[in-house]
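Here it is, the structure, as structure tokens.
The values are calculated or read from the model by the stated rules, or taken from the named source; none is laboratory data. Just so you know, these numbers come straight off a predicted model, no measurement behind them. Backbone-built Cβ (ideal geometry, glycine too); neighbour counts: all protein chains shown. The area values use the complete protein model at the heavy-atom level, side chains included, leaving out ligands, DNA and RNA. Shrake-Rupley method; radii C 1.70, N 1.55, O 1.52, S 1.80 Å.
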There are 2 protein chains.
Amino acid sequence: MKVITLRREFGSGGRELGKRIAESMGIAYYDKEILEEIARSSGLAEEYVRSIVDHSPISYYPITFGHTFSFINTYNENYVRLLRIQENVLKELASKSDCVIVGRCAELMLGDIPSFNLFVYADMESKLHRCRVKAPEGENLTDNELIKNIKAIEKNRKRNYVSLAGGDVGMENYHLCVNTSGKEIKSLVAPVVSYINAWYSDK
Amino acid sequence: MKVITLRREFGSGGRELGKRIAESMGIAYYDKEILEEIARSSGLAEEYVRSIVDHSPISYYPITFGHTFSFINTYNENYVRLLRIQENVLKELASKSDCVIVGRCAELMLGDIPSFNLFVYADMESKLHRCRVKAPEGENLTDNELIKNIKAIEKNRKRNYVSLAGGDVGMENYHLCVNTSGKEIKSLVAPVVSYINAWYSDK
């Protein structure tokens, strides 16, 4: 069974790469489908599910009871419940057929299910360029605003990872790390697929 | 012109991968040849050259003059001179023909000469295994001693890099990072070469 997880930096083109890899290998591709499935299983609205599973439970709110300072986490209960559902959904998808799973910390949550873990990154110039090309019409952010947004998204994702992994997640969690700076994503598909196939044939 | 630099973790099989990539692409391979060339250009013995360029100039020796504590670095003068020679040797080799250059901080020292930078790494279990297989006959280190050696070599290499790069060198300095854990190096050659060729054809 070939299960390819893909973690990517925002703006690196990782999602496009994942989709093209799945097409090229003729296997399933899961991305937004995962959130939909979590929403279905939990009976909660998709947007609400996203707002919870995309944030680590570290965002505490200080509250005063009398003279005592207390910290509570308003998301905590649903967060834990939804993570459990997310884990089950990921494991179910990964057991069903060969697939590419983008994001969702799949490389951490699949547990004993073996996977080929890909990390996709790029330099800031490339990420800016890709964000500009993909921006919705009418978005007129300056470079500095866009960089600030990209960094904020990365910071949040990283916090989420650190919280799930119990520490930072580095290169050692990935079998291949691909720098897409200045490259057309489609030009990288064939060699990455050939790498993945070689990796699976030398088990 | 294709110039492939390769930085590797000790025990990751990076050198073997570099050599096989050069063979497969039919291009020059530089590794020990660089030290020989620096020794020739400087008129210094190869072992002495290695002892200097393989260490960052941070190893100061405290010396007392009267009541004043002073730090001097016995290597400093030759270090700077030899780094300059190393830079020239690397640039010369990279300008002569397509090649693979292993180690020597080539990705930092080539300056304006464009290169494809490869990083090769592995988990500790794999590195231990590879060191065992390649150990000279009669070497009977325990796992812990071997791990200590591997970490010491990595620490020294890293110090050297940080000193040359003026900061830590991360993923962003590399176009592709390859995890060789549990893999036969020769099984990775074809896909890495195909990646490098794809990268060069999408310039």
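If B:V193 passes every condition in (1) in contact with a Leu (Cβ under 9 Å, 6 or more places away or on another chain); (2) within 13 Å of chain A (Cβ to nearest Cβ) but one, which one does it miss?
(1)
Of all the strands (runs of 3 or more DSSP E) wholly in region A:61-102, which have at least 1 residues that are within 30 Å of A:S24 (Cα to Cα) and modelled with pLDDT of 75 or more?
By residue number, A:99-102.
Among the candidates B:V178, B:V169, single out the residue that is of a type outside the set (G, A, S), part of a loop (DSSP other than H, G, I, E, B) and open to solvent by less than 50 Å² (accessible area, probe 1.4 Å).
None of the other options fit; the residue is B:V169.
Among the numbered conditions (1) within 14 Å of another protein chain (Cβ to nearest Cβ); (2) surrounded by fewer than 20 Cβ atoms within 10 Å (Cβ to Cβ); (3) charged (D, E, K, R); (4) assigned to a helix (DSSP H, G or I), tell me where B:K183 comes up short.
(4)
Return the residue satisfying two criteria in turn: it lies in region A:186-203 and is under 19 Å from A:I101 (Cα atoms) and of a type in the set (S, T, N, Q), and of such residues it is surrounded by the fewest Cβ atoms within 10 Å (Cβ to Cβ).
Result: A:N197.
Name the residues in region B:34-58 that are free of Cβ contacts under 8 Å to residues at least 24 places away in the same chain, open to solvent by 60 Å² or more (accessible area, probe 1.4 Å) and within 16 Å of B:G103 (Cβ to Cβ), would you?
B:E36, B:E46, B:R50
Also: Take the conditions part of a helix (DSSP H, G or I), in contact with a Cys (Cβ under 8 Å, 6 or more places away or on another chain), open to solvent by less than 30 Å² (accessible area, probe 1.4 Å) and of a type outside the set (D, E, K, R) and apply them to A:L146. Does it pass?
Yes.
Hey, among the residues in region B:157-180 that are more than 7 Å from chain A (Cβ to nearest Cβ) and free of Cβ contacts under 8 Å to residues at least 40 places away in the same chain, which one's farthest from A:A190 (Cα to Cα)?
B:G166
Would it be correct to say that A:K151 is within 12 Å of another protein chain (Cβ to nearest Cβ) and open to solvent by 40 Å² or more (accessible area, probe 1.4 Å)?
no
For A:T5, work out the one condition from (1) among the polar types (S, T, N, Q); (2) at pLDDT 85 or above; (3) assigned to a helix (DSSP H, G or I); (4) open to solvent by less than 70 Å² (accessible area, probe 1.4 Å) it doesn't fulfil.
(3)
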